Amino acid sequence: MALIVQKYGGTSVANTERIKNVARKVISYKQEGHDVVVVLSAMSGETNRLIALAKEAQERPDARELDQLISTGEQVTISLFAMTMMQMGYKSRSFLGFQVPIKTDTSHTKARMIDIPDSNIKNAIKKGFVPVVAGFQGISMSGDITTLGRGGSDTTAVAVAAAIGADMCEIFTDVDGVYTTDPNICDKARKLDRISYEEMLEMASLGAKVLEIRSVELAMRYDVPVHVRSSFNNNRGTMVVKEDKDMENVLVSGVAYSRNEARITIKKVPDQPGIAARIFTPISDANIIVDMIIQNTRAGDMTDMTFTVPRTDYDNAMDIVRKVAKDIGAEDVTGDKNIAKISIIGLGMRNHAGVATKMFDILFRHGINIMMISTSEIKVSCVIEEKFTELAVRALHDGFGLEKND
Ligand code: ADP
Ligand code: ASP
Ligand code: MG
């Protein structure tokens, strides 16, 4: 008998019929004697719909009000699920973020969790209820509803699993597990039986949305075994586990892409000490994560500075950068939202040379221009024109021989 946290994503709870399917699945675990805590997302498309409504009301929606609005999607699914369980003869109780409580900081739309007391969930289990927790939301120290960032229900699930000391966190989604690349854009993608936390962390941070990045960070930190699998069948999915020595033999284990990218260039920045700090401090103060940064070679005593930010933060970042550019006497600020980042990931890169060169060559042979490059121990990323994203994914998947063996 185990204590299991199960998270079901938007497609799995897209309507009342699917919610019934999830309830049947949960009941089958209960019948085997396990204790289950369920974490749910909003119905698929709902969070996007709510964001679109917010933008109709206010050009750049106020972050506090946006959180009040977009957190409602999960309120609908958890209450419907609890009712469905009762209809099927099981005790169940839903919990919004503040009822757990999932305590967060005050950073609206990308809040970080601070603490999750386990008593309310554990008491509910003791009394025979199946607790159902709203994914994606929390309550800030000042009493406001917060959300954890897109895809944040995964993070809720792993955090709850860590908080209550669960034996396992199962992430039920619309694909059979973690693949070598997104199976929805590359039909040769191969399901992985296992992936290391480190590689999963890179894949998630580079855009593979099958797991939200902070869920992987938490799983790694608190040693939560994570099983990613489909909610539509009983197939074994992918276990996210600690690295073992066999894993280093694989040079490239996956290809990831992200369209949530935008590029900003500040032209003719004075090439002096302290300038980078003046540019990037107000951006990080606004909680915007800068990814790649390139400073061109000096031309006279001026230089160009180019960097990327999430596309969702582009407008705010541009406002900040325009102001700073004026203050420091830079010539101009330009931006581009039609870019994508494409990456290859693999533990084996640590001790093999030539992987990056092979990637550049594959992209070149497909006529894809590289605008920016960044590398780390186990990944190489290139910024390319967005329209080439799918072509690049398939070319790299083929080029590195990641396709199915059968
Ligand atoms: P959920 O609503 O269940 O949270 P998501 O849409 O957030 O589901 O994540 C699942 C999706 O992630 C898949 O449908 C797939 O398109 C995408 N995806 C991207 N990269 C990968 C990958 N390497 N393996 C599996 N799925 C991936
Ligand atoms: N409903 C939220 C979103 O669409 C959270 C999630 O599904 O994980 O981003
Ligand atoms: Mg998701």
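Under the classification rounded if a/c is under 1.5, otherwise prolate if a/b is larger than b/c and oblate if not, where does region 271-338 fall, given a ≥ b ≥ c as square roots of the Cα gyration tensor eigenvalues?
On the way: a/c = 1.71, a/b = 1.49, b/c = 1.15.
Prolate shape, in that a/c is at least 1.5 and a/b is the bigger ratio.
I need the calculated FRET efficiency for the pair E377 and K188, taking r as the beta carbon distance and R₀ as 25 Å, to the nearest 0.05.
Efficiency computed from Cβ-Cβ geometry: 0.40.
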The number of Lys pairs in region 247-387 whose alpha carbons lie under 18 Å apart, excluding pairs fewer than 8 residues apart on one chain, is 10
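For region 5-60, with all protein chains present and a 1.4 Å probe, just round the carbon and sulfur fraction of the accessible area to a whole percent. Could the numbers behind the result be given before it?
Values: 1180 of 2650 Å².
Solvent-exposed carbon and sulfur of region 5-60 make up 45 percent of the total.
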Can you sort T106, T180 by 1.4 Å-probe accessible area, starting with the largest?
T106, T180
Across region 355-399, what fraction of all alpha-carbon pairs, as a whole percent, falls in each successive 5 Å bin from zero upward?
5, 23, 38, 25, 8, 1
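Can you give the alpha-carbon Rg of region 44-150 over 2.2 N^0.38 Å, where N counts its residues?
On the way: Rg = 14.9 Å, N = 107, 2.2 N^0.38 = 13.0 Å.
Cα-based Rg divided by the globular estimate yields 1.15.
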Between V13, V324, V241, which gets the highest mean-square fluctuation from a Gaussian network model of the chain, Cα cutoff 10 Å?
V324
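Roughly speaking, what % of Cα-Cα pairs in region 161-224 are separated by over 20 Å, rounded to a whole number? Provide the component values of the computation, followed by the final result.
On the way: 530 of 2016 pairs.
When every Cα pair of region 161-224 is considered, 26 percent fall beyond 20 Å.
So what is the relative contact order of the chain, in percent, for Cα pairs below 8 Å that sit 6 or more residues apart?
Values: 880 pairs, mean separation 54.2, N = 406.
In percent, rounded to a whole number, it is 13.
Once the Cβ-Cβ distance between F364 and M86 is put in as r, and R0 is 51 Å, what FRET efficiency do you end up with, to the nearest 0.05?
On the way: r = 60 Å, r/R0 = 1.18.
So the FRET efficiency works out to roughly 0.25.
Heavy atoms only, probe 1.4 Å: what % of the accessible area of region 93-173 goes to carbon and sulfur, would you let me know? Walk me through the intermediate numbers first.
Numbers: 1440 of 2850 Å².
The computed percentage sits at 51.
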Which residue, P270, P183, P310, tops the fluctuation ranking in a GNM of the chain built on C-alpha contacts under 10 Å?
P270
What does the chain give for Rg and for Dmax, in Å, if only its C-alpha atoms count?
22.5, 77
Helix 355-365: inclination vs the chain longest Cα principal axis, degrees, rounded to 10, gives 80
For the chain, take the longest principal axis of its alpha carbons; what is the angle in degrees between that and the long axis of helix 16-31, to the nearest 10 within 0 to 90?
60
Which residue, K126, K188, K91, has the most motion in a Gaussian network model of the chain that connects Cα atoms within less than 10 Å?
K126
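According to the square roots a ≥ b ≥ c of the eigenvalues of the Cα gyration tensor, what is the shape class of region 216-357, taking rounded for a/c under 1.5, prolate for a/b larger than b/c otherwise, and oblate for the remainder?
prolate
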At 1.4 Å probe size, with every protein chain present, just tell me what the per residue accessible area of the chain comes to in Å².
45
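The values are calculated or read from the model by the stated rules, or taken from the named source; none is laboratory data. What you are looking at is a predicted structure, and each value in this text was computed from that prediction instead of being measured. Neighbour counts are summed over all protein chains in view; Cβ atoms, including those assigned to glycine, are modelled from backbone coordinates with ideal geometry. All accessible areas refer to the heavy atoms of the entire protein, side chains included, with ligands and DNA or RNA removed. Shrake-Rupley method; radii C 1.70, N 1.55, O 1.52, S 1.80 Å.
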